[in-house]
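Notes follow once the structure below has been shown.
The values are calculated or read from the model by the stated rules, or taken from the named source; none is laboratory data. All values derive from a computational prediction rather than experimental measurement. Glycine gets a Cβ as well: all are built from the backbone with ideal geometry, and neighbour counts include every protein chain shown. SASA here: full protein model, heavy atoms, side chains in, ligands and nucleic acids out. Shrake-Rupley method; radii C 1.70, N 1.55, O 1.52, S 1.80 Å.
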Amino acid sequence: MAIVLGKPGVDGLGEAVGVLREWQSDGAPMQLHPGDLGWFWRSGAEATAAAIRTWSRDGRILGVGLLDGPGLLRLTIAPDAQRDGELAQQLLEDVTEPERDVLPEGRVNIEAPMGAVIQDLLSEDGWNADEPWTPLRRDLTERVDDPGMRIEVVGPEQAHVFTAVHRAAFDGSRFTDERWHAMAGGLPYADARCLLAYDDQGIAVAAVTVWSAGPGRPGLLEPMGVHRDHRRNGYGAAITLAAAAALQQLGSSSAIVCTPSSNIGAVATYESAGFQPRPEVRDRTSCRRRL
Ligand SMILES: CC(C)(COP(=O)(O)OP(=O)(O)OC[C@H]1O[C@@H](n2cnc3c(N)ncnc32)[C@H](O)[C@@H]1OP(=O)(O)O)[C@@H](O)C(=O)NCCC(=O)NCCS
């Protein structure tokens, strides 16, 4: 049965989010999470749908890709199809041909689960390993320590505070209140929480969004940041603990996050909140030009 490349459209987003939820498990390699779609949703449902590609066989979705920025395809595959050679071959063809409207010409990157056949095919096709990223994980079956500062769940009234802290944490951030509302209106946000941490002066200093994939599955932190004027005070570790506790309340089995290994401060912060680093992962990168 042929593998069919699809673009879901807004009506198909629920199915894409649904399969991504099902594919999350504690044994799985770091992979695209429903929360990644949820975070992308700040650009709106139309833009999210336009950024998604699916690969199906016989009506069943076997692969989901998110075009998460210029030339970056974040791809994941159903656990029972990661060793499926026919699917991997089709994926390679579809990402290689710019006219298939998956990846453009020029410098492109693909994130795919480590251990999937597509990794071998990309490597054989001359795609190099890019910068290392460190996935980190915290088990949530055990008690999570109190963060030791005031933590609030963000509703629509606090959206402006949340976006201001985000902009003060991430260089070049263009996160606006309007985008927060778009994100909060997205399907994955039904299982998400935005949290703010306040210092003892009552100033909002750190922000995180957590995304559950349903009970018994790993939940994702994306993004987490501390206001640049308030760093090195333990607030990063505190908001990360609060994130773990919120995911525990939502029924997640573990909390996961992934950051460039070069972001030493982030790796140290997650570790100080009880997260353990897992083996590094790397995108595959290539420079594609039409002959
Ligand atoms: C990374 C970040 C969240 C750290 O926040 P913070 O409030 O300064 O961190 P904390 O004070 O809680 O520090 C936690 C631990 O990380 C260490 N740490 C923090 N920043 C560090 C840095 N730049 N270099 C080395 N270690 C660092 C601290 O020493 C501390 O270690 P310890 O527990 O062993 O004492 C903050 O720098 C930030 O918002 N960066 C930009 C956004 C970002 O990169 N977010 C994460 C992306 S996924």
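For this structure, a couple of remarks:
- Search result, residues across region 29-62 that are under 17 Å from residue 218 (Cα atoms) and surrounded by fewer than 18 Cβ atoms within 10 Å (Cβ to Cβ): 29
- Condition met for residue 182 (open to solvent by less than 60 Å² (accessible area, probe 1.4 Å), in a helix (DSSP H, G or I), more than 11 Å from the ligand (Cβ to nearest atom) and in the same structural domain as residue 264 (by TED's automatic domain parsing)): yes
- Those strands (runs of 3 or more DSSP E) of region 191-291 in which at least 3 residues are in contact with an Asp or Glu (Cβ under 6 Å, 6 or more places away or on another chain), considering only elements entirely within it, cover 281-288.
- Residue 126 meets each of the listed conditions (1) under 23 Å from residue 40 (Cβ atoms); (2) in a loop (DSSP other than H, G, I, E, B) apart from (1).
- Checking each residue in region 54-87 for being in a strand (DSSP E or B) and touching a residue at least 40 places away in the same chain (Cβ under 8 Å) picks out 54, 55, 56, 57, 61, 62, 64, 72, 74, 75, 76, 77.
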